[in-house]
Amino acid sequence: MYEPGSFLDCHIDFFLKLYASYKSLVRSSTTQMELSKDIAAAFFLQSLDLDQDLSSLVQNLYGVQPFYITTITNIFALEQSRCYNVSTEALFTNNRTKATKGS
């Protein structure tokens, strides 16, 4: 968690190290885990939640009022789900077209 009044660049460096470590762990894992950049960004924004000045900055960047970290996290989750659904639907349609041509 970011401590208000401390250096933001130190917090960013620490977060990036944790994110890189997590990505490395996921790569070496045999499971199908994944952490998208959007969700990582949501976690980062959540870590800034204690600082009211930064909250207003993020609110302006995302155009979400009132700003709550759960709102931003939900926006990222919905976008991630939408992208997954579009990808899955395209794959389904492509496979269906191939099956139709083969008959």
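FYI, it's all coordinate maths here, none of it is from the lab. These figures come from a predicted structure and were not determined experimentally. All Cβ positions, even for glycine, are placed from backbone atoms using ideal geometry, and neighbour counts span all protein chains on display.
Full extension of the segment from Tyr84 to Arg27, taken as 0.36 nm per residue of separation minus the current Cα-Cα distance, would add 18.5 nm. Site pair Asp13 and Ile75 shows an inter-label distance of 3.0 nm when each label is modelled 7 Å from Cα along Cα→Cβ.
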